[in-house]
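Comments concern the structure below.
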Amino acid sequence: ERLRAAIAAALGAARDGSAYAVLVDLLDDPSVAVRLFAVQALGDLGRTEAAGPLTEFALAIDRRIANLSEPELLADVYEASAEIGLETAALRVLTALDPVTATPALVQAARARPLARDSAAGLRLAQAIFERRRIALYGLGYTGAAEAFTVVRGDDGLGDPDPRLRAVAVRSLGVLGMAGAVDLAVARLRDPSAEVRWTAASVLGRLADRAAVAPLSAALGDPVAEVRRQAALGLGYLGDERARAALEAAAAGDADDAVRAAAAYALTLL
């Protein structure tokens, strides 16, 4: 097993195109370690044709995990977590190689799976699934797919109870930039999580829709400095004179040095 893993790693590091077929075959190896090295080596090769087999690889793992009950997963939590980690590694590589081809795998991996967190095994499994979903939601932003937008804006994205996942979903919403993204991001300026609010403010500055001027100006009054800083920068990127008074007030009177500096810089962009 160690030898096969070392071979997979060496093939990827060598960036030898002739190794491609061998690495794809190693995706079916019985060893988790060998399969992980094969995934990483395919990423190192950088060949976009690897997106097809890697997508099927990720989907196959997802189906296996989905077909197991929670007691079955917890009975061998180390193996289950390792399998989910393999899927996550494949999703990372796919996001870099060819997220469009990977759309089905990213969509499937972003789906929530409620689990009890009343044991160490349950927490370990939940963390593995969280990381898989985080990477999937991030990757969906680069697919340009309507299906991705549906997932990101839905209960598995903006509606997820975990604020860390909502923040990633807001970011992907901005990268996708589809119709309706501005209204959805504006709504997240009122999210209970500060991280979600400052991500929404950052996204609105880059979506280049001046309908965001008023809500971003209001966000200059947020109790969290980073939200105010991102709101100030967002207003600068929008370049709308209607923001001048609010930015001047922030540049002169905000209690936080970084917010005042951001507002002063934003004024130079108007």
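The values are calculated or read from the model by the stated rules, or taken from the named source; none is laboratory data. Owing to the predicted nature of the structure, the values given are computational and were not obtained by experimental measurement. Cβ coordinates were reconstructed from backbone atoms using ideal geometry, including for glycine residues, and neighbour counts include every protein chain displayed.
List, please: which pairs have Cβ atoms under 7 Å, are six or more places apart or on different chains, and start with a residue in region 70-82 that is closer than 19 Å to Val39 by Cα and end with one that is part of a helix (DSSP H, G or I) and of a type outside the set (Phe, Trp, Tyr)? That search, which allows pairs on different chains as well, returns Ala80/Ile65; Ala80/Leu73; Ala80/Leu125; Ser81/Arg124; Ser81/Leu125; Ser81/Ala128; Ala82/Val32. Close contacts from region 184-202, counting a first residue that is closer than 10 Å to Val170 by Cβ and a second that is in a loop (DSSP other than H, G, I, E, B), with Cβ to Cβ under 6 Å and a gap of 6+ residues or different chains, come to Arg197/Asp191. Of the residues making up region 45-60, those that are surrounded by 21 or more Cβ atoms within 10 Å (Cβ to Cβ) and either of a type in the set (Ser, Thr, Tyr) or closer than 12 Å to Leu86 by Cβ (or both) are Leu54, Thr55, Phe57, Ala58. Each residue in region 20-29 was checked for being more than 30 Å from Pro114 (Cβ to Cβ) and either buried (at least 20 other Cβ atoms within 10 Å of the Cβ) or among the basic types (Lys, Arg) (or both), and 2 pass. Taken over region 119-139, the residue count meeting the criterion of being touching a residue at least 40 places away in the same chain (Cβ under 8 Å) and of a type outside the set (S, T, N, Q) is 12. Where helices (runs of 4 or more DSSP H) fall entirely within region 109-222, those with at least 1 residues that are among the polar types (S, T, N, Q) and within 16 Å of Leu233 (Cβ to Cβ) are at 194-207, 213-219. Within region 136-160, the set of residues being crowded, with 16+ Cβ neighbours inside 10 Å and more than 12 Å from Arg171 (Cα to Cα) comprises Ala136, Thr143, Ala145, Ala148, Val151, Asp156, Asp160.
Against the numbered list (1) crowded, with 20+ Cβ neighbours inside 10 Å; (2) under 11 Å from the mean Cα position of the chain (by Cα); (3) farther than 17 Å from Thr199 by Cα, Val168 comes up short only at (3). The conditions of being out of contact with any Gly (no Cβ under 7 Å at 6 or more places or on another chain), in contact (Cβ under 8 Å) with a residue 24 or more places away in the chain and surrounded by fewer than 19 Cβ atoms within 10 Å (Cβ to Cβ) are met by Gly85. Each residue in region 171-183 was checked for being crowded, with 20+ Cβ neighbours inside 10 Å and either touching a residue at least 40 places away in the same chain (Cβ under 8 Å) or acidic (Asp, Glu) (or both), and 0 of them qualify.
Matching residues to (1) over 22 Å from Arg166 (Cβ atoms); (2) out of contact with any strand residue (DSSP E or B) (no Cβ under 9 Å at 6 or more places or on another chain); (3) hydrophobic (A, V, I, L, M, F, W, C):
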{"position": "Thr199", "(1), (2), (3)": "no, yes, no"}
{"position": "Gly205", "(1), (2), (3)": "no, yes, no"}
{"position": "Val213", "(1), (2), (3)": "yes, yes, yes"}
{"position": "Ala218", "(1), (2), (3)": "no, yes, yes"}
{"position": "Glu226", "(1), (2), (3)": "no, yes, no"}
{"position": "Glu241", "(1), (2), (3)": "yes, yes, no"}
{"position": "Arg260", "(1), (2), (3)": "yes, yes, no"}
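Within region 30-47, one or more residues are more than 30 Å from Ala116 (Cβ to Cβ), over 22 Å from the mean Cα position of the chain (by Cα) and either aromatic (Phe, Trp, Tyr) or at pLDDT 95 or above (or both).
Checked against the criteria, Arg260 does not count as touching an Asp or Glu at 6+ places or on another chain (Cβ under 6 Å), crowded, with 24+ Cβ neighbours inside 10 Å and modelled with pLDDT of 95 or more.
Only one residue in Ala121, Ala109, Ala128 is under 22 Å from Ala33 (Cβ atoms), crowded, with 16+ Cβ neighbours inside 10 Å and under 14 Å from the mean Cα position of the chain (by Cα). Which one?
Result of the check over Ala121, Ala109, Ala128: Ala109.
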